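The values are calculated or read from the model by the stated rules, or taken from the named source; none is laboratory data. Just so we're clear, the structure is a prediction, and the values are computed from it rather than from any experiment. Because the Cβ atoms are built from the backbone with ideal geometry, glycine has one as well, and the counts that use them run over all protein chains shown. For accessibility, only protein heavy atoms count, side chains too; no ligands or nucleic acids. Shrake-Rupley method; radii C 1.70, N 1.55, O 1.52, S 1.80 Å.
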Amino acid sequence: MNADTPGRIVLLTASHRVAPGLLSWPAWQTLHAADRVLCADAGHPQLPYLREAGVAVEIAAPTAQELVDACAGGRTVVVVPSGEGDSALTDGLARMAGSGRVAMPDLELLPGSYDLPGARLLDLVEVMDRIRRECPWSSRQTHEGLAKYGIEEAYELVEAIEDGDRDELREELGDVLLQVVFHARIAQEHDEEPFSIDDVAGTIVDKLIHRHPHVFGEERAETPEEVKEHWLRTKAIEKQRESVTDGVPLGQPGLALVAKLASRVRNAGLDVSLPSGEGIGYELLALAVRAEAEGVDPEAALRAAGRAYRDAIRAAEGHAAQ
């Protein structure tokens with residue numbers, strides 16, 4: 001081997017969101033073929049798995065110059081960076097390469113594992129766990145105490161959708177997601193019936209698969225109407241309800257409540273006369289049922305009219321419409 005051959009430096013990275021030891025085949029090939037494998041962190045989570053696979057790892061924190069010298073003669077040195085990234089080493093290598101005075105080894109960044117879609121959700125679960133343990137406010141919260149925030153965040157999400165603001169939509173989706181993760185974290189502490197965010201996710205995954213036999217099974221659905229028919233049929237089998245009104249939350253806004261009840265009646269093919277009575281409530285009831293029959297969400301329609309009314313008020317006050 002020619003002593004003047006500069007060799008090769010490989011910086012092996014791995015996602016902390018992927019279980020240690022689950023490395024790509026190119027990563028394992030490089031590790032086994034390397035002349036030396038270095039890691040500055042003796043407690044690095046990858047080390048037990050590398051050693052189990054027969055990779056000799058030296059605990060060392062070389063300077064940039066020392067690392068370049070170690071590659072002399074065409075040698076390959078793999079560096080397993082610590083969680084902080086070893087910026088002093090990488091900055092030193094960058095300065096040496098930029099000086100033009102050093103015959104640098106080939107520099108390669110080799111990702112040993114990649115984040116899968118949804119990987120940042122693991123970060124959210126970890127952050128929520130720490131906040132629950134260490135924050136004086138969050139550690140004392142209960143499902144009941146947080147309930148109002150779930151309603152508020154849902155309405156703010158709807159507002160962001162109606163405004164068409166993409167940045168706001170992303171933020172409000174995060175706030176709604178936080179409520180789910182927060183409640184799931186609290187649920188872990190229940191003495192008799194604990195469950196975790198994995199149980200929550202598993203439940204909805206099972207439900208989605210069961211209610212989409214045209215995607216995960218052998219049934220066919222070519223139109224949205226056929227999909228809805230599958231959904232309603234499987235849901236009815238799951239719930240075994242005594243009444244079409246079962247499961248309709250009475251605490252939701254009035255127009256949405258009426259629209260939901262009217263939808264249940266229509267889907268069940270029932271012939272139900274509207275109750276008669278005096279006052280604006282019964283007039284609104286009839287309007288909401290008519291809107292649902294025409295495919296209009298009465299709650300959204302009234303909100304849109306309310307926003308137009310808000311703009312008219314601001315115009316009368318001399319303000320620009322939002």
Would you tell me the accessible area of residue 203, worked out with a 1.4 angstrom probe on the heavy atoms of the protein chains, in Å² to the nearest 10? 90 Å²
DSSP loop trypsin sites (Lys or Arg not before Pro) in region 228-322 with at most 16 other Cβ atoms within 10 Å of their Cβ, which ones? 241
Estimated vicinal HN-Hα couplings, Hz - region 159-173 in sequence order (Karplus 6.51, -1.76, 1.60; Gly, Pro = x): 5, 5, 5, 5, 6, x, 8, 5, 5, 5, 4, 4, 5, 5, 4
Leaving ligands, DNA and RNA out of it, report the carbon-plus-sulfur percent of the accessible area of region 90-248 at a 1.4 Å probe. 55 percent
For region 213-226, 3J(HN,Hα) per residue [Karplus equation, 6.51 cos²θ - 1.76 cosθ + 1.60, θ = phi - 60°, Hz, x = Gly/Pro]: x, 6, 9, 9, x, 9, 6, 10, 8, 9, 10, x, 5, 5
Whole-Å distance, taken between Cα centres, linking region 35-75 and region 239-286: 69 Å
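Kindly state, to the nearest 0.05, the FRET efficiency for residue 161 paired with residue 63, given R0 = 41 Å and r defined as their beta-carbon distance. Write out the running numbers ahead of the final one.
On the way: r = 54 Å, r/R0 = 1.31.
Efficiency, from the Cβ-Cβ distance: 0.15.
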Length gain on complete extension for the stretch residue 49 to residue 207, per 0.36 nm per residue less the alpha carbon to alpha carbon distance? 53.2 nm
Length released on extending from residue 152 to residue 307, taking residue separation times 0.36 nm less the Cα-Cα span: 54.0 nm
Report, largest value first, the span of the C-alpha coordinates of region 253-322 along each principal axis, in whole Å. 51, 26, 18
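Tell me the chymotrypsin sites (Phe, Trp or Tyr not before Pro) within region 120-156 that lie in a loop according to DSSP and have at most 11 other beta-carbon atoms within 10 Å. Provide the component values of the computation, followed by the final result.
Numbers: sites: 137, 149, 155; in loops: 137.
Filter output for region 120-156: 137.
Roughly how large, in nm² to one decimal, is the mean projection of the convex hull of the alpha-carbon atoms in region 32-112?
5.4 nm²
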Determine the dipole magnitude for region 11-98: charges of +1 sit on the beta-carbon of Lys and Arg, -1 on that of Asp and Glu, nothing else is charged, the reference point is the Cα centre, and the result goes in debye to the nearest 20. 200 debye
In nm, to one decimal, how far is the residue 267 label point from the residue 94 one, both placed 7 Å along Cα→Cβ? 5.6 nm
So if I take the centroid of the Cα atoms in region 287-319 and the same for region 130-190, what is the distance between those two points in Å? 27 Å
In Hz, Karplus ³J(HN,Hα) per residue of region 27-32 (6.51, -1.76, 1.60; θ = phi - 60°; x = Gly, Pro): 5, 5, 4, 5, 4, 6
What percentage of all Cα-Cα pairs in the chain are separated by more than 33 Å? 56 percent
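In debye, nearest 20, what is the charge dipole magnitude of region 242-322 about its Cα centre with +1 on Lys and Arg Cβ and -1 on Asp and Glu Cβ, if you could check?
Working: 8 positive and 11 negative charges, 58 e Å.
That gives a dipole near 280 debye.
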So, with +1 on the Cβ of K and R and -1 on the Cβ of D and E, and no other charges, what is the size of the charge dipole of the chain about its Cα centre, to the nearest 20 debye? 380 debye
Looking at the chain, which longest stretch skips every one of the GluC sites (Glu not before Pro) that is in a DSSP loop with at most 14 other Cβ atoms within 10 Å, leaving the sites themselves out? 85-188
In nanometres, what is the gap between the two model label sites at residue 227 and residue 274, each 7 Å from Cα along Cα-to-Cβ? 3.1 nm
Using only the alpha-carbon atoms of region 229-293, report the extent along each of the three principal axes, biggest first, to the nearest angstrom. 39, 24, 19
Calculated FRET efficiency, residue 144 and residue 245, Cβ-Cβ r, R0 25 Å, to nearest 0.05? 0.50
